[in-house]
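**Q** Sending over a structure as structure tokens; questions will come in a sec.
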Amino acid sequence: MASAPAQQPTLTVEQARVLSEVIQAFSVPENAARMEEARESACNDMGKMLQLVLPVATQIQQEVIKAYGFNNEGEGVLKFARLVKMYETQDPEIAAMSIKLKSLLLPHLSTPPIGGAITAS
């Protein structure tokens, strides 16, 4: 006997505002300490960021979004991210929260000075 297919989690625009809960989760002292430790270990190296920071960030997000029907695997975070991306164009509040979340996850990169010419000797 075949089992019924698992229902795919979906979000309404209102539910997509769960992004604020995800952002708040990164402010919880325990989570903030975990993220800081991972960032320090990564030393602003993009490869190490992917190995050390991304898994911690994924775990923090999973704890919040599982209440909305997303599985507790990396796949759930990806589905959540796709749905949020879809709503970014429809709701400026969601777009702003998405940008804030990205700023929490991505390394702070320094930019080279504008107009700084490299001279040949």
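**Q** Express in Å², to the nearest 10, the accessible area of E36 obtained by rolling a 1.4 Å probe over the protein heavy atoms while all chains stay in place.
**A** About 90 Å², ignoring ligands and nucleic acids.
**Q** Can you work out the Karplus-derived ³J(HN,Hα) for every residue in the stretch 63-69? Use 6.51 cos²θ - 1.76 cosθ + 1.60 with θ = phi - 60°, whole Hz, and x for glycine or proline.
**A** 4, 7, 6, 5, 5, 9, x
**Q** Additional query: Using a 1.4 Å probe and counting only protein heavy atoms, arrange T89, T12 so the residue with the most accessible area comes first.
**A** My answer, sorted largest first, is T89, T12.
**Q** With every protein chain in place, what's the accessible area of K85 (1.4 Å probe, Å², nearest 10)?
**A** Probe radius 1.4 Å; accessible area of K85 about 110 Å².
**Q** When the chain is fully extended, how far beyond the present Cα-Cα distance does L106 get from E21, taking 0.36 nm per residue of separation?
**A** Taking L106 through E21 to full extension adds about 28.8 nm, to one decimal.
**Q** Rounded to the nearest 10 Å², what accessible area does D91 have for a 1.4 Å probe in the complete protein model?
**A** Roughly 20 Å² of D91 is accessible to a 1.4 Å probe.
**Q** Net charge near I23: determine it from the other residues with C-beta under 15 Å of the C-beta of I23, scoring Lys and Arg +1 and Asp and Glu -1.
**A** -1
**Q** Let me ask another. On a straight-distance basis, which aspartates and glutamates could pair with K100 in a cross-link, Cα separation under 14 angstrom, same-chain partners fewer than 8 positions away excluded?
**A** E21, E88
The values are calculated or read from the model by the stated rules, or taken from the named source; none is laboratory data. What you are looking at is a predicted structure, and each value in this text was computed from that prediction instead of being measured. Glycine also receives a Cβ, built like all others from the backbone with ideal geometry; neighbour counts cover every protein chain displayed. Surface areas here come from the heavy atoms of the whole protein model, side chains and all, with no ligands, DNA or RNA. Shrake-Rupley method; radii C 1.70, N 1.55, O 1.52, S 1.80 Å.
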